[in-house]
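Taking it in order: structure first as structure tokens, then the write-up.
The values are calculated or read from the model by the stated rules, or taken from the named source; none is laboratory data. For clarity, every value in this text was computed on a predicted model and none was experimentally measured. Counting neighbours? That spans all protein chains shown, and the Cβs are built from the backbone with ideal geometry, glycine included.
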Amino acid sequence: MSSEEEKLFVGAHNFNTDEQALEDHHSSFRPISEVVIVKDWETQRSRGLGYIIITNPEHASDAMRATNRESLDGRQIHFWSCTETSVLVHQPLFLN
């Protein structure tokens, strides 16, 4: 990940949401350099969280404001910027 890119943590998405659906949902905030859905090691099923790396940091901020708490595949998704502390501080919020 280059210094110009911004990594966004995506939480609470549907277990059936795949990388393509997540990327398509954010297509207006391109260019997106990577989309990762975190999967269970044994079952290879989604764990309901992942990351999006957006090339332009301004687009990343816009994406968080525009799509945070939107519905995707029947679930309300949540976004946080991935700094060392932001995910640790906010993670319990979407688990409640």
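Looking only at the stretch 39-79, count how many residues are within 12 Å of PHE15 (Cβ to Cβ) and exposed (fewer than 13 other Cβ atoms within 10 Å of the Cβ).
Adding up the residues that qualify gives 5.
Out of LEU8, LEU22, report the one residue that is assigned to a strand (DSSP E or B) and under 17 Å from SER81 (Cβ atoms).
Just one listed residue meets the conditions, LEU8.
So which residues in the stretch 5-36 are of a type in the set (Val, Ile, Thr), buried (at least 16 other Cβ atoms within 10 Å of the Cβ) and in contact with a helix residue (DSSP H, G or I) (Cβ under 8 Å, 6 or more places away or on another chain)?
Once the filter is applied, which keeps residues that are of a type in the set (Val, Ile, Thr), buried (at least 16 other Cβ atoms within 10 Å of the Cβ) and in contact with a helix residue (DSSP H, G or I) (Cβ under 8 Å, 6 or more places away or on another chain), the stretch 5-36 yields VAL10, ILE32, VAL35.
Residues of the stretch 37-76 being in contact with a Lys or Arg (Cβ under 9 Å, 6 or more places away or on another chain), in a loop (DSSP other than H, G, I, E, B) and modelled with pLDDT of 90 or more, which ones?
ASP40, ARG45
How many residues does the stretch 1-29 contain that are over 18 Å from LEU72 (Cα atoms), out of contact with any Ser or Thr (no Cβ under 6 Å at 6 or more places or on another chain) and of a type outside the set (Gly, Ala, Ser)?
Adding up the residues that qualify gives 4.
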